[in-house]
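> Got a structure for you, questions after.
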């Protein structure tokens with residue numbers, strides 16, 4: 001398997017794979033981050049999960065194991081360094097290596113658990129609570145979040161207009177200050193209160 005593995009460097013913002021592509025490679029991220037997302041029929045997107053260094057993309061593993069096409073798309077959130085292992089050598093190694101098999105199955109199990117959590121959150125947690133909690137998790141040291149309203153909407157599984165309206169409400173309450181292309185958290189305690 002190691003002889004057929006290929007190192008790939010992918011610039012930020014570049015497609016890693018598209019929905020409907022054949023699953024031809026097993027992917028392991030060494031550096032950077034991948035965002036795996038699903039497009040809806042009305043043109044919206046929802047982020048399913050992120051793949052960080054040391055993690056594998058469960059969707060590509062499932063595609064290889066089931067021989068089905070990929071059911072979502074992936075984009076390099078940052079500059080990426082990853083390993084791509086072609087399908088046949090990966091499947092052969094999986095058959096021959098219990099530790100690899102255990103790693104792959106645990107990765108898939110973790111992602112399924114994460115996806116169930118995403119579904120529960122989108123279905124049962126009000127959007128203003130999800131937004132408040134998400135803003136808190138994305139704060140940098142200076143209480144700044146450099147995401148657009150559309151990117152926030154994709155992460156939360158809602159419409160950009162909903163996020164924009166809620167952010168204006170948050171600003172009216174003095175919890176955030178809106179800037180072009182970024183958001184300043186001015187009252188993290190209030191956001192924490194609505195997020196729980």
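> If residue 143 passes every condition in (1) outside the structural domain of residue 43 (by TED's automatic domain parsing); (2) under 23 Å from residue 72 (Cβ atoms); (3) surrounded by 14 or more Cβ atoms within 10 Å (Cβ to Cβ); (4) modelled with pLDDT under 90 but one, which one does it miss?
Of (1) outside the structural domain of residue 43 (by TED's automatic domain parsing); (2) under 23 Å from residue 72 (Cβ atoms); (3) surrounded by 14 or more Cβ atoms within 10 Å (Cβ to Cβ); (4) modelled with pLDDT under 90, only one is false for residue 143: (2).
> Would you check which residues across segment 151-174 are within 26 Å of residue 120 (Cα to Cα), out of contact with any strand residue (DSSP E or B) (no Cβ under 7 Å at 6 or more places or on another chain) and touching a residue at least 12 places away in the same chain (Cβ under 8 Å) and list them?
Those that are within 26 Å of residue 120 (Cα to Cα), out of contact with any strand residue (DSSP E or B) (no Cβ under 7 Å at 6 or more places or on another chain) and touching a residue at least 12 places away in the same chain (Cβ under 8 Å): 152, 153, 156, 158, 159, 162, 163, 164, 166, 169.
> Considering only segment 113-123, state which residues are under 21 Å from residue 165 (Cβ atoms) and either surrounded by 15 or more Cβ atoms within 10 Å (Cβ to Cβ) or at pLDDT 90 or above (or both).
121
> Please pick out the residue among 54, 43 that is within 30 Å of residue 162 (Cβ to Cβ), assigned by TED's automatic domain parsing to the domain that holds residue 76 and not in a strand (DSSP E or B).
Exactly one of 54, 43 is within 30 Å of residue 162 (Cβ to Cβ), assigned by TED's automatic domain parsing to the domain that holds residue 76 and not in a strand (DSSP E or B), namely 43.
> Only one of (1) at pLDDT 95 or above; (2) closer than 29 Å to residue 167 by Cβ; (3) more than 14 Å from the chain's Cα centre (by Cα) is not met by residue 128, so which one is it?
With respect to (1) at pLDDT 95 or above; (2) closer than 29 Å to residue 167 by Cβ; (3) more than 14 Å from the chain's Cα centre (by Cα), residue 128 is out only on (1).
The values are calculated or read from the model by the stated rules, or taken from the named source; none is laboratory data. Keep in mind it's a predicted model, so treat the numbers as computed, not measured. Please note: Cβ atoms are built from the backbone with ideal geometry, for glycine as well, and neighbour counts cover all protein chains shown.
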